[in-house]
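The structure that follows is given in the form of structure tokens.
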Amino acid sequence: MKIMPVSMPKDIDKYFFNRTRDINMINTQLSTVKLDIPPLLLITGYRGVGKTFLLRKY
């Protein structure tokens with residue numbers, strides 16, 4: 001079994017790439033709060049694909 005990190009590394013940019021589209025989508029969803037529209041945001045994926053890294057980066 002592959003060993004997974006227990007915590008987030010401090011140099012997250014070293015491991016983070018090709019997610020600008022996802023960050024833009026999150027930004028768009030959360031910007032609706034300014035318009036008094038509650039954002040609906042669901043981030044799903046298989047274990048180890050980077051869901052937590054994506055949110056930490058955001």
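The values are calculated or read from the model by the stated rules, or taken from the named source; none is laboratory data. Predicted, not measured: the structure shown is a model, and the values here were computed from it. Just the protein is used for accessible areas: all its heavy atoms, side chains included, with ligands, DNA and RNA removed. Shrake-Rupley method; radii C 1.70, N 1.55, O 1.52, S 1.80 Å.
For segment 21-43, state whether one or more residues are at pLDDT 85 or above, among the hydroxyl-bearing types (Ser, Thr, Tyr) and open to solvent by 100 Å² or more (accessible area, probe 1.4 Å).
Checking segment 21-43: not a single residue is at pLDDT 85 or above, among the hydroxyl-bearing types (Ser, Thr, Tyr) and open to solvent by 100 Å² or more (accessible area, probe 1.4 Å).
Is one or more of the residues making up segment 2-18 under 12 Å from the mean Cα position of the chain (by Cα), at pLDDT below 85, open to solvent by 90 Å² or more (accessible area, probe 1.4 Å) and of a type in the set (S, T, N, Q)?
yes
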